[in-house]
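Read through the structure below, which is laid out as structure tokens, and then see the notes.
Taken together, the values in this text are just the output of simple stated rules run on the coordinates, not laboratory data. Only a predicted model underlies this, so the values are computations on that prediction, with no experimental measurement involved. Every residue, glycine as well, gets a Cβ built from its backbone with ideal geometry; the counts of neighbours run over all protein chains shown.
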Amino acid sequence: MKTVFSRPASLKDVATHFCPGCQHGLIHRLVADAMDHFGVQQQTIGVASVGCSVFLYEYFDIDVVEAPHGRAPAVATGVKRARPESCVFTYQGDGDLAAIGTSEIIHAANRGENFTALFVNNTTYGMTGGQMAPTTLPGQRSLTSPEGRDVALDGYPMRMAEVIAALDGTAYSVRVAVNSPKNILAAGKAIKKAFEYQLENKGFAFVEVLSSCPTNWGMDALAANERVETEMIPYFNLGTFKERS
Amino acid sequence: MPSMKVVIDEARCKGCALCTLACPKKLIRMSEKLNRQGFLPAVFPEACNQDCTSCALCAQMCPDVAITVQKEEKGGAQ
Ligand SMILES: Cc1ncc(C[n+]2csc(CCOP(=O)(O)OP(=O)(O)O)c2C)c(N)n1
Ligand code: SF4
Ligand code: SF4
Ligand code: SF4
């Protein structure tokens, strides 16, 4: 018998604190796969954000810097500029990247900083109990929009992959999902490509991953996974929005 | 006992059932017995070993990386 699937070496062999069915764990695995693929585990420095993915250093077998809420792109800028030989990535939720940290991500992309940003969009603030995020869908109920998001009052969900793609400094920007085997394979390829851009010094690479938050959506894992397909993908279209050669 | 193509780490499994959704052959079922974490874990029954194609889609889908997949080498030795 030959092993065809096992845990990547860059991912520590420990249990995670994530809720059942939460796709943060899957996205961690895809990021670890990319590090294994390029053989960069020893030279990679992750920059963690504030949110449910705050324990990056517990799960990845790499060096990790903890950034203040939303500031991961600023910290990653410093790390990469000080150590250009290293491979640097940020891993941020939508509350972190698209609300408190909007300025940092926009300017890092606009400066064309040569690191990889992973953006996990689960349409809510997971860690703090399900408040409305800039990515919360119209009509979506949350702790702070109990009647559903009202776009007249709260504005529209932000399509960050498109926003980032519009900046001249961005080399690569995509949106992927992990709700089916087919989408997971495409997500794995996109994440590898985003690392490849950095390793070839091609500039800023951004991957938005649509993810579920069964706990704060008040659904079981299967229903939450289905919601990604039926509600998220129609608004947050999957695709490649920038791919500079 | 033949060696199993799909091994699910019962202690790691959180019972989300996403792997059952991914398997094109519907070979994985959920246990009725709680694991140590208090979840009803996924089970790959021994009787399904023969039908399993080792495609690893179940493992790809698992958020907790609780599944390992093996494939028979050419020649069919087990
Ligand atoms: C400066 C600051 N403001 C607010 C908080 C509280 N806080 C912790 S996590 C979080 C939001 C996390 O949501 P998101 O980025 O979407 O990640 P998720 O938990 O959904 O993965 C907030 C507002 C904080 N820790 N620091
Ligand atoms: S609260 Fe949501 S994002 Fe956080 S671990 Fe649970 S399911 Fe995942
Ligand atoms: S390896 Fe493929 S066929 Fe076998 S249980 Fe997993 S998904 Fe099903
Ligand atoms: S996907 Fe993983 S955690 Fe979920 S039930 Fe299957 S083996 Fe368990």
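Brief remarks follow.
- Neighbouring Cβ atoms from other chains, within 10 Å of the Cβ of residues in A:170-181, number 2 on average.
- Taking every residue in B:11-22 and counting other chain Cβ atoms within 10 Å of its Cβ, the average works out to 5.
- Across the cross-link table entries A:Lys12/B:Lys25; A:Lys202/A:Lys242; B:Lys5/B:Lys74, which are compared at the Cα atoms, the separations over 21 Å belong to A:Lys12/B:Lys25.
- Cross-link reach list, aspartates and glutamates versus A:Lys193, counting only Cα pairs under 20 Å and skipping chain neighbours closer than eight places: A:Asp33, A:Asp36, A:Glu85, A:Glu113, A:Glu162, A:Asp168, A:Glu208, A:Glu243
- In plain terms, chain B is cut at each of the GluC sites (Glu not before Pro) found in a DSSP loop with at most 12 other Cβ atoms within 10 Å, and the longest leftover piece is B:33-72.
- The protection proxy used here, the mean number of other Cβ atoms lying within 10 Å of each residue, ranks peptides A:223-231, A:104-112 as follows, highest first: A:104-112, A:223-231.
- Calculated on the Cα set of region A:39-175, radius of gyration then Dmax: 15.5, 50 Å.
- Oblate is the label for the protein assembly as shown, because a/c, from the alpha-carbon gyration tensor with a ≥ b ≥ c as root eigenvalues, is 1.5 or above and a/b does not exceed b/c.
- Beta bridges per DSSP with both ends in chain A, % antiparallel, nearest 5: 20 percent
- For A:Val65, nonlocal amide neighbours, meaning residues 5 or more places apart or on other chains whose placed amide H falls under 5 Å from its own, are A:Gly46, A:Val47, A:Ala48.
- Spin-label pair A:Val151/B:Ser54, simplified geometry with 7 Å Cα→Cβ offset, distance in nm: 5.0 nm
- The mean number of Cβ atoms from other chains found within 10 Å of a Cβ in peptide B:52-63 is 6, as a whole number.
- Length gained on full extension, A:Glu196 to A:Thr144, computed as 0.36 nm times the residue gap minus the Cα-Cα distance: 14.8 nm.
- Net charge, A:Lys2 excluded, C-beta distance under 9 Å - Lys, Arg +1, Asp, Glu -1: -1
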